[in-house]
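The values are calculated or read from the model by the stated rules, or taken from the named source; none is laboratory data. Just so it is clear, the structure is predicted and the values come from calculations on it, not from any experiment. So basically every Cβ, Gly included, is an ideal-geometry build from the backbone, and we count neighbours across all protein chains shown. When the accessible area is computed, the model is the full protein with side chains, heavy atoms only, and any ligands, DNA or RNA have been set aside. Shrake-Rupley method; radii C 1.70, N 1.55, O 1.52, S 1.80 Å.
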Amino acid sequence: MKIGISANVLSQSGGLERYAMDLVRAMAEQGVKPTFFARAFDSTLPESRLVEARPICVSFLPGKLRDHWFSWRVRSARRAAGVDVLIGCNRVDSSEIAICGGTHLGFLRAIGREPKRSDRWQIELEARQY
């Protein structure tokens with residue numbers, strides 16, 4: 001079985017990215033080399049050598065569209081890579097396992113803001129993922 005991980009980046013950054021790196025290390029201890037889909041990879045990290053890196057470029061898009069483009073591209077990239085099970089550590093609607101650090105709807109409610117159009121896009125993507 002081929003396992004994939006999706007995260008925004010493979011680097012020392014936010015909580016979900018660190019969780020994704022923990023997954024990579026744990027899989028490496030078991031002799032598994034996951035396919036890793038991300039927007040960017042920090043090649044100085046030891047974990048970058050423990051994965052099959054599959055970068056997905058989003059920099060040419062406005063920020064509000066990047067999550068949707070990434071999710072759409074992961075769908076076909078995982079098929080091309082032969083990934084059987086995808087662990088989503090970011091908003092991707094094709095993962096079998098969704099790791100959730102919070103929701104956009106919950107964030108908006110916590111700050112007392114009504115959703116704008118771009119917020120609704122994020123909420124719809126999360127709903128498809130869950």
### Task
Can you confirm whether region 33-48 contains a residue that is in contact (Cβ under 8 Å) with a residue 60 or more places away in the chain, touching a strand residue (DSSP E or B) at 6+ places or on another chain (Cβ under 6 Å), more than 15 Å from Leu125 (Cβ to Cβ) and surrounded by 15 or more Cβ atoms within 10 Å (Cβ to Cβ)?
no
### Task
Sort out which residues of region 104-116 are surrounded by fewer than 16 Cβ atoms within 10 Å (Cβ to Cβ) and under 23 Å from Gly15 (Cβ atoms), and write them in order of number.
Leu105, Gly106, Phe107, Arg109, Ala110, Ile111, Arg113
### Task
Taking the residues in region 79-97 that are within 24 Å of Arg120 (Cβ to Cβ) and of a type outside the set (A, V, I, L, M, F, W, C) as candidates, determine which candidate is most open to solvent (accessible area, probe 1.4 Å).
Arg91
### Task
Starting from region 11-29, keep only residues that are without any contact (Cβ under 8 Å) to a residue 60 or more places away in the chain, then list their pairs with residues that are in a helix (DSSP H, G or I) and open to solvent by 30 Å² or more (accessible area, probe 1.4 Å) whose Cβ atoms are within a distance under 6 Å, requiring at least 6 positions of separation or different chains.
Val24/Leu50; Ala28/Leu50
### Task
Please indicate, with yes or no, whether at least one residue in region 71-78 is closer than 20 Å to Gly15 by Cα and open to solvent by less than 70 Å² (accessible area, probe 1.4 Å).
yes
### Summary
Over region 91-130, the set of residues in contact with a strand residue (DSSP E or B) (Cβ under 8 Å, 6 or more places away or on another chain) and of a type outside the set (Asp, Glu) is Val92, Ser94, Ser95, Ile97, Ala98, Ile99, Gln129, Tyr130
### Query
Does region 74-116 hold any residues that are touching a Phe, Trp or Tyr at 6+ places or on another chain (Cβ under 8 Å), outside any loop (DSSP other than H, G, I, E, B) and among the β-branched types (Val, Ile, Thr), and which are they?
Val74
